[in-house]
1. So, of the residues in segment 28-85 that are of a type outside the set (Gly, Ala, Ser), modelled with pLDDT under 90 and open to solvent by less than 60 Å² (accessible area, probe 1.4 Å), which turns out to be nearest to VAL136 (Cα to Cα)?
2. Here are some residues: ASP267, ASP290. Which one is more than 29 Å from VAL120 (Cα to Cα), modelled with pLDDT of 80 or more and out of contact with any Lys or Arg (no Cβ under 8 Å at 6 or more places or on another chain)?
3. Quick one: in segment 194-233, of everything that is among the acidic types (Asp, Glu) and outside any helix (DSSP H, G or I), which residue is modelled with the lowest pLDDT?
4. How about segment 220-231: which of its residues are surrounded by 13 or more Cβ atoms within 10 Å (Cβ to Cβ) and among the small types (Gly, Ala, Ser)?
5. Taking segment 165-185 only, how many residues are aliphatic (A, V, I, L, M) and more than 25 Å from MET81 (Cβ to Cβ)?
6. Among residues belonging to segment 123-161 that are small (Gly, Ala, Ser) and within 23 Å of ASP80 (Cα to Cα), point out the one that is surrounded by the most Cβ atoms within 10 Å (Cβ to Cβ).
7. Can you tell me which residue among ARG190, ARG205, ARG217 is of a type in the set (D, E, K, R), closer than 30 Å to VAL56 by Cβ and open to solvent by 100 Å² or more (accessible area, probe 1.4 Å)?
8. State whether one or more residues within segment 261-269 are touching an Asp or Glu at 6+ places or on another chain (Cβ under 8 Å), part of a helix (DSSP H, G or I) and of a type in the set (Gly, Ala, Ser).
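The values are calculated or read from the model by the stated rules, or taken from the named source; none is laboratory data. A quick note: this is a predicted structure, and the numbers were derived from the prediction, not measured. Cβ placement follows ideal geometry from the backbone for every residue including glycine, while neighbour counts extend to all protein chains displayed. What goes into the accessible areas is simple: the full protein's heavy atoms, side chains included, and nothing from ligands, DNA or RNA. Shrake-Rupley method; radii C 1.70, N 1.55, O 1.52, S 1.80 Å.
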Amino acid sequence: ETHSSELNRKRKRQELNGQMKEADRIRKAQRKTLSAREPAPFSDELEAAGLPYDRVRLEEAQRGTPEDGPVRVYADGIFDMFHSGHARALMQAKCLFPNTYLIVGVCSDDLTHTFKGFTVMDENERYDAVSHCRYVDEVVRNAPWTLTPEFLAEHRIDFVAHDDIPYISAGSDDVYRHIKEAGMFAPTQRTEGISTSDIITRIVRDYDVYVRRNLQRGYTAKELNVSFINEKKYHLQERVDMVKQKVRDVEEKSKEFVQKVEEKGIDLIQKWEEKSREFIGNFLEMFGPDGALKHMLKEGKGRMLQAISSPSSSPTREDRSPSPTFRLPFFSRTSSPFTSPPSHHSSTNGISQDEED
């Protein structure tokens, strides 16, 4: 409240000094919104103001009215399956003037079914949905299909907000014609791509999908108005879809497995190539034309040639160690073919000296 009073004092000073522009005056004016913290009240639950109906003119509304006297804007509709298109239309109606009090009229089921058709939500659900919109200040239940001067005076309506497309209904080419002629019409823009008819069309188009979904969630065929045969058909379709999903999962896992095997195979091939190159290199270092083995053989050959070419350095017959006697195990001592015949000068035990040696 202190901040608001300071803004009002500052605004008055600027107006007196002639320094305030029209755009600043509209932007700084506060708007009254009752729906920010709680649902909007219903008009039949509010007490009548008891004030005379003195309609605000367009110039005054655009300039900005006092805080305690907002511009009363009325917007009506069916608001079945309340969606973002409805909310955007009400937002535009709320933002028409700097200080706006938005009244929204919702038609009853009887009027709607008579002039427009069957609805998905009943009237109480539609009333409640509109009352929870943040831009709405007041909700009129059982709103009239055509606005009369008595209704406008009863609710002290200054302007009526609706899109500018002629609304053909109730035997009229435009039910808002007399409002436009009276200068009380404030046009808004429709949101393309979203409407109650579009949403219903999507549901009808994907009817089987939604029926199967609700059957899964526990709704009975009777509640969904589905025959016994169709119920079995939907259950069968659900099982088929489950099998297809499992097959797709197996295919995905198989692809992942094959990809992992390929990656490991590539790693193994790379490692094998590295090891093979290392093995070949080591082999060439050992057995190649300039390998270590060739150098070893050259050195050995050189030593052998050196030993052969130097006879003085070779050991004599006397320096050599005697060769050991080889004796076969299956020959006796007396009948060995490698021994000389016994001599007359044998030892006393009958074994020659050579055999003893």
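1. THR33
2. ASP267
3. Among those residues, the one meeting the criterion is GLU223.
4. Hit for segment 220-231 is ALA221, nothing else.
5. Qualifying residue count for the region: 3.
6. Ranking the candidates gives ALA161 first.
7. Result of the check over ARG190, ARG205, ARG217: ARG190.
8. No - not one qualifying residue is present in segment 261-269.
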